[in-house]
1. Keeping to the stretch 202-232, report how many residues are assigned to a strand (DSSP E or B), closer than 21 Å to THR43 by Cα and out of contact with any strand residue (DSSP E or B) (no Cβ under 7 Å at 6 or more places or on another chain).
2. Could you tell me which of the residues GLN121, GLN114, GLN90 is under 19 Å from LEU166 (Cβ atoms) and of a type in the set (S, T, N, Q)?
3. Given the structure, is LYS177 modelled with pLDDT of 95 or more, in a strand (DSSP E or B), of a type outside the set (Ser, Thr, Tyr) and surrounded by fewer than 19 Cβ atoms within 10 Å (Cβ to Cβ)?
4. Scan the stretch 191-201 and give yes if some residue there is at pLDDT 90 or above, out of contact with any strand residue (DSSP E or B) (no Cβ under 6 Å at 6 or more places or on another chain), within 19 Å of ILE69 (Cβ to Cβ) and surrounded by fewer than 17 Cβ atoms within 10 Å (Cβ to Cβ), otherwise no.
5. Could you please find all residues in the stretch 51-70 being in contact (Cβ under 8 Å) with a residue 60 or more places away in the chain and within 13 Å of the chain's Cα centre (by Cα)?
6. Within the stretch 48-104, count every residue that is of a type in the set (A, V, I, L, M) and surrounded by fewer than 19 Cβ atoms within 10 Å (Cβ to Cβ).
7. Looking only at the stretch 135-158, count every residue that is buried (at least 18 other Cβ atoms within 10 Å of the Cβ) and over 19 Å from ASN172 (Cβ atoms) and tell me the total.
Amino acid sequence: MKRIFSLCFLSIFLLSLTASSGLSQTAEGILAKMIEAQGGRKTLEKIKDTTISGSLEIIQQGMTVTLTIYSKEPNKMRMDMEVMGTVITQAFDGETAWGTNMQTLSIEEMPEAQAEDFKRQALGNDALLNPKKYGITFTYKGKEKVEDKDCFVLEQTFSDGFKATLYVDSKNYLTYKTKAKSIGQMGIEVESENYMSDYKKVEGMMIPHTMTIFQDGEEAVIMTFTEVKINTGLEDSLFKME
């Protein structure tokens, strides 16, 4: 069976950037403050594309590789990871999810489960600011202490029933942790937890520059972002299947 490499841990990071309205007053208030903490509605509306560069440490394999993530509104995304001179790609062009087959290194459409996972990852600021278009809702689940932080807990539900849990720092309203099930490297569903830190302001938007990802309770990946570029005019062709 052909398998396509999956950077599933990114999904919980990208899902944390989606908000909703029409909720209970408590959840609605928290989400409004999250938007403001991330830079505010006006700032986010101006962002049309983002390019993030950095390194990715795969702990269990003792390997560190370079990673570049391209995003374009409203729902296009591409990830390029260079592994020993070979570029491994995953992308969604708004219609088709595709990527590199790790066995043959050929480019092909993703299997259905991975494709659905990646399509959710590709949702951008339009899903953040206009969530009803995507059938996204949130439910407030109370407060919980995560390490030394008091966090608001929000359960995020997508139109297809997919759920993710967000843990929002009650002091600054930035997402500290996310938890969700996603498709792992071998096409197997895993429980992923993503801890975000080292927030920095880029073009008015707060972006975490360090993420530590646990899969099924084990530390799996550390991502460090060294450069973030906003509105560089990414072409649609960048996201098309090669």
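The values are calculated or read from the model by the stated rules, or taken from the named source; none is laboratory data. Please read all numbers here as calculations on a predicted model, not as lab measurements. Note that we place each Cβ from the backbone using ideal geometry, even for glycine, and neighbour counts take in every protein chain shown.
1. Going through the stretch 202-232 one residue at a time, the tally reaches 1.
2. GLN121
3. Details: modelled with pLDDT of 95 or more: yes; in a strand (DSSP E or B): yes; of a type outside the set (Ser, Thr, Tyr): yes; surrounded by fewer than 19 Cβ atoms within 10 Å (Cβ to Cβ): no.
No, not satisfied.
4. Checked the stretch 191-201: at least one residue is at pLDDT 90 or above, out of contact with any strand residue (DSSP E or B) (no Cβ under 6 Å at 6 or more places or on another chain), within 19 Å of ILE69 (Cβ to Cβ) and surrounded by fewer than 17 Cβ atoms within 10 Å (Cβ to Cβ).
5. Within the stretch 51-70, ILE52, TYR70 meet the criteria.
6. The qualifying residues number 8.
7. Result for the stretch 135-158: 3.
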